[in-house]
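See structure below.
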Amino acid sequence: MPGTCVIGLQWGDEAKGKLVDLLTERNDLVVRYQGGANAGHTVVAGGEKYKLSLIPSGIFNPRVQCVIAGGVVVNPPTLIQEIDGLLARNIKIDSNLLISDRAHVILPWHFIEDRAMNEGTADGEAIGTTQRGIGPCYRDKVGRSYAVRLGDLYRDSIGPRVERIVAVKRQVLAGLADVAELDAAKILAEYRRYAERLRPHVTDTTTLLLDALEGNKRVLFEGAQGALLDVDHGTFPFVTSSNSSGVGVCNGAGVPARYVNRVLGVVKAYCTRVGGGPFPTEQDNATGQHIRDRGNEYGTVTKRPRRCGWFDAVAARYTARLSGADSLAVMLLDVLSQLDEINVCTAYEINGRRTANFPSHVDDLRCAKPVYETLKGWKQEITDVRRIEDLPANARAYLDRLSQLVGRPVEVVSVGPDREQTMFAKL
Ligand code: GDP
Ligand code: IMO
Ligand code: MG
């Protein structure tokens, strides 16, 4: 069983980083394959807290090969800063970190475009991006003519290419602030320096991964964002610009589907969303604030307060199916302690019709009224519980109901950020 994926089944921040760190010891390689520094994955190890944007959460195990695959969009200074930050904390980073020469490079104009794009969609509501240049970089990748891949930075052709791109961007973006500052020669010199620094890590990771999988090595794929942010299958246009559901693993990493044998779907015991877009179970009230306070729900990357709400089983069932999840990891269960009652959304009412299917159009999701089932809360703290059977009966009943509604068994339960605060069920 060489390929396992960890996929967020909500709108991101489901604690994928914690889970990947835990599963790393059972694997030989850990791979990030989509997204970029819009991701913020937290790992708490040995009492230390680490925030990772581009580097796989397997990096704390020096035996393991970490890979940033071709589907990722890389901002070189951010990556270098992240490497330096980890080196300064005595984390080993040398040949154990490899980066695809096919990965696309985020360049200064992408930040300008991201700021402009964030003013609002055609309908007015802003996507609320992380402002990391992600969407514009992916747009140039698909558009091809003005894209730069990491491997391009080592070729003589990069000079004239950047000059051509800068000339076009200055025209297209004329009128936007900062455009006049785009200087091809300066940018070129700067990015050549970054490229030299990264050179020992840059390689053809597609071949590396195919060799590893064909050689029966165990590979863990670390999804970024969550399935509801998938550009094709999420709450479009309030999504990110990559395939962040389970369907994105193969194209992002460059591996055939047959090697993806096991998918672990990660959910919070409730829901959060950061940025714009519909969120049917949102609790913009004292309950939402209770969750935000207890879960410390502020963005890892942008520090924005996360919008909080009840668990949405309609959405999770959809994304578990879409992502091919075999089982669920239910994270941050401890955050729900102390509530008298806990609601779970089991269906939507859309224009007077009840449905358990997740709508494909954002307008339908916007007017979806959640149908709730109310379960009893538990009034004791559970952060010290170490066996699922030792959880309060109401907490176990809650997990059972989530599992039933989503249609997948619960394999992992997390009751705190530390490695020790994790329980594995025997399936
Ligand atoms: P990711 O982007 O999916 O990796 O998730 P983030 O790191 O952005 O957000 C998850 C946050 O929850 C981090 O601050 C974690 O340290 C924290 N965390 C992880 N598991 C638990 C848990 O079971 N309980 C609590 N209270 N916090 C957790
Ligand atoms: P991790 O991997 C939560 C959201 C942004 C915005 C939308 C588009 O930590 O779970 P983008 O900058 O990607 O163009 O923004 O997607 N978003 C995330 N939300 N967790 C993330 O990553 C996210 N990455 C992007 O807030 O709504
Ligand atoms: Mg995060």
Checklist line | Over 26 Å [Cα-Cα, the chain], rounded percent | finding: 54 percent
Checklist line | Hits among aspartates and glutamates - C-alpha to C-alpha of Lys426 under 15 Å, sequence gap 8 or more where chains match | finding: Asp326, Glu389, Asp390, Asp400, Glu411
Check: Cα convex hull of the range 101-153: mean projected area in nm², to one decimal?
Finding: 3.8 nm²
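From the Cα gyration tensor of the range 244-326, with a ≥ b ≥ c the square roots of its eigenvalues, which class applies: rounded if a/c is under 1.5, or else prolate if a/b is larger than b/c, or else oblate?
prolate
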Notebook entry, point to check: Between Gln289 and Phe424, 0.36 nm times their residue separation minus their Cα-Cα distance comes to what?
Noted result: 45.7 nm
Checklist line | Values of log10 I(q)/I(0), in the order q = 0.09, 0.19, 0.20 Å⁻¹, for the range 255-375 under a Debye, Cα-only, solvent-free model | finding: -0.28, -1.13, -1.21
Margin query: Can you tell me the orientation of helix 286-295 relative to the chain, as the angle in degrees between its alpha-carbon axis and the longest Cα principal axis, to the nearest 10?
Written below: 60 degrees
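Figure the gain on full extension for Glu349 and Gln380 (residue separation times 0.36 nm, minus the Cα-Cα span) and round it to one decimal in nm.
Values: separation 31, 0.36 × 31 = 11.16 nm, distance 3.39 nm.
Working it through step by step, the gained length comes to 7.8 nm.
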Next item on the list: At 1.4 Å probe size, with no ligands or nucleic acids counted, give the accessible surface of Asp13 in Å², nearest ten.
Entry: 40 Å²
Checklist line | DSSP-loop trypsin sites (Lys or Arg not before Pro) across the range 112-190, with at most 13 other Cβ within 10 angstrom | finding: Arg144, Arg155
Next item on the list: Name the residues whose placed amide hydrogens come within less than 5 Å of the amide hydrogen of Ser327, ignoring near sequence neighbours (fewer than 5 apart) on the same chain.
Entry: Val263, Gly265
Check: Which residues' amide hydrogens lie under 5 Å from the amide hydrogen of Val202, considering only partners 5 or more residues apart or on another chain, with H built in the peptide plane?
Finding: Ile99
Next item on the list: Give the cross-link partners of Lys379 among the lysines, using a straight C-alpha distance below 23 Å as the criterion and excluding same-chain residues fewer than 8 apart.
Entry: Lys268
Note to self: Please compute the contact order of the chain in relative form: average sequence separation of alpha-carbon pairs under 8 Å and at least six residues apart, divided by the residue count, as a percent.
What the structure shows: 20 percent
Notebook entry, point to check: What is the set of long-range amide H partners of Phe311 at a cut-off below 5 Å, with H atoms built 1.01 Å from backbone N?
Noted result: Cys271, Cys345
Notebook entry, point to check: For helix 393-406, what angle does its Cα long axis make with the longest principal axis of the chain, in degrees from 0 to 90 and rounded to 10?
Noted result: 60 degrees
Item checked: 3J(HN,Hα) from dihedral phi, the range 48-56, Karplus parametrisation 6.51/-1.76/1.60, rounded to Hz, x for glycine, proline -> 9, 9, 10, 10, 10, 10, 10, 7, x
Notebook entry, point to check: Taking only C-alpha pairs under 8 Å that are 6+ residues apart, what is the relative contact order of the range 189-346 in percent?
Noted result: 21 percent
Item checked: When the convex hull of its Cα atoms is projected in every direction, mean area for the range 155-272 (nm²) -> 11.4 nm²
Next item on the list: Before rounding to the nearest 500, sum -39500 (n - 2.57) across all DSSP H runs of length at least 4 in the chain and divide by the residue total; then give [θ] at 222 nm in deg cm²/dmol.
Entry: -9000 deg cm²/dmol
Check: In this model, which of Lys141/Lys217; Lys16/Lys369; Lys16/Lys49; Lys18/Lys303 are farther than 25 Å apart at the alpha-carbon?
Finding: Lys141/Lys217; Lys16/Lys369
Next item on the list: Report, in degrees rounded to the nearest 10, the 0 to 90 angle that the Cα long axis of helix 184-198 makes with the longest principal axis of the chain.
Entry: 60 degrees
Notebook entry, point to check: Considering the chain as a Gaussian network with a 10 Å cut-off on Cα pairs, which listed residue, Ile165, Ile83, Ile59, attains the greatest mean-square fluctuation?
Noted result: Ile165
Notebook entry, point to check: Can you list the HN-Hα couplings for the range 91-107, worked out from phi with the Karplus curve (6.51, -1.76, 1.60; θ = phi - 60°), rounded to whole Hz and with x for Gly and Pro?
Noted result: 8, 5, 9, 9, 6, 6, 10, 10, 10, 5, 6, 8, 4, 7, 9, 7, 10
Notebook entry, point to check: Using the alpha-carbon centroid of each, what span in Å lies between the range 250-307 and the range 184-213?
Noted result: 30 Å
Check: On full extension of the chain, what length is gained from Tyr372 through Asn357, given 0.36 nm per residue of separation minus the C-alpha to C-alpha distance?
Finding: 3.9 nm
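The values are calculated or read from the model by the stated rules, or taken from the named source; none is laboratory data. As the structure is a computational prediction, the values presented were derived from the model and not from experiment. Virtual Cβ from ideal backbone geometry, glycine too; neighbours counted across all protein chains shown. In case anyone asks, the SASA skips ligands and DNA or RNA and just uses the protein heavy atoms, side chains included. Shrake-Rupley method; radii C 1.70, N 1.55, O 1.52, S 1.80 Å.
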